[in-house]
1. Can you tell me the orientation of helix 38-58 relative to the chain, as the angle in degrees between its alpha-carbon axis and the longest Cα principal axis, to the nearest 10?
2. Only helical DSSP H runs with n ≥ 4 go in: add -39500 (n - 2.57) per run for the chain, normalise by residue count and round the 222 nm mean residue ellipticity to 500 deg cm²/dmol.
3. Give the dimensionless ratio obtained when the Cα radius of gyration of region 40-198 is divided by 2.2 N^0.38 Å.
4. Over region 49-116, what lengths in whole Å, largest first, do the semi-axes of the equivalent ellipsoid take, defined as the square roots of 5 times the eigenvalues of the alpha-carbon gyration tensor?
5. For the full complex of protein chains and a 1.4 angstrom probe, list L144, L112 by accessible area with the highest value first.
6. Which angle between 0 and 90 degrees, to the nearest 10, do you get for helix 24-35 versus the longest principal axis of the chain when only C-alpha atoms count?
7. Within the chain, what's the longest stretch lacking chymotrypsin sites (Phe, Trp or Tyr not before Pro) that sit in DSSP loops with no more than 16 other Cβ atoms inside 10 Å?
8. How charged is the neighbourhood of L46? Take every other residue with its Cβ under 13 Å from the Cβ of L46, and add Lys/Arg as +1 and Asp/Glu as -1.
Amino acid sequence: MSTQLSVPTTTEKTHHNGMFVALVPWVLFTVVAEHGTLKAASIITLVVAIAIALPSIRAREPKIIELGGIVAFFAFAIVAFTADGSTAEWLTRYARAVAAGLLAAIALGSLLFVPFTEQYARAELPREYWSSPVFKALNRRLTLLWAGVFAAMVPSHVIAGTLDSTPANIVFNWVIPIGLVLLGLNRTQAMANTKAAA
């Protein structure tokens, strides 16, 4: 097989769907934590994270973001149910920042093994493309991009927790993170288009 084997451009356009499904528990955690309790947010998102991860676990192709979600929300649940009042209050205020930081760490950690975006891209491609240098390099860049997006959310969520007001919540917990995701999507598409033109 040639080391210059090209990778079909449909991969970068379609493998997001599986990746974004894996991120549903993290988004849900943000919503429930804001409108409910940390206990409820932890339990609900843990159940959803397990449900999302089960198909890949049963297929013996577990995804690191999905497994990371199970571990993270299990840990959140333990703390929510065992921590003293002041710790629970602090975690409730900064839970979104902690979650974003964990997500960034999981994404970066995946680079030591298989970049997490590659795990989803593989589902869209024949096995012959998996070892392509183009495919490998693109997914390392995409994983770094999304790790950066998640990491950039942390200070925004910290500011929201520190200011603890409705305007700060709207701007720093929602507007900026959504903007970062849109920027990530735009950069992802630009990187895919650059690869396709190469």
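1. 20
2. Estimated from H runs of four or more residues: -25000 deg cm²/dmol.
3. 1.16
4. Values: eigenvalues 138, 44, 11 Å².
Equivalent ellipsoid semi-axes, largest first: 26, 15, 7 Å.
5. L112, L144
6. Taking the Cα atoms of the chain, the angle to 24-35 is about 20 degrees.
7. 1-112
8. 0
The values are calculated or read from the model by the stated rules, or taken from the named source; none is laboratory data. Model, not experiment: these values are computed from the prediction. Because the Cβ atoms are built from the backbone with ideal geometry, glycine has one as well, and the counts that use them run over all protein chains shown. Surface areas here come from the heavy atoms of the whole protein model, side chains and all, with no ligands, DNA or RNA. Shrake-Rupley method; radii C 1.70, N 1.55, O 1.52, S 1.80 Å.
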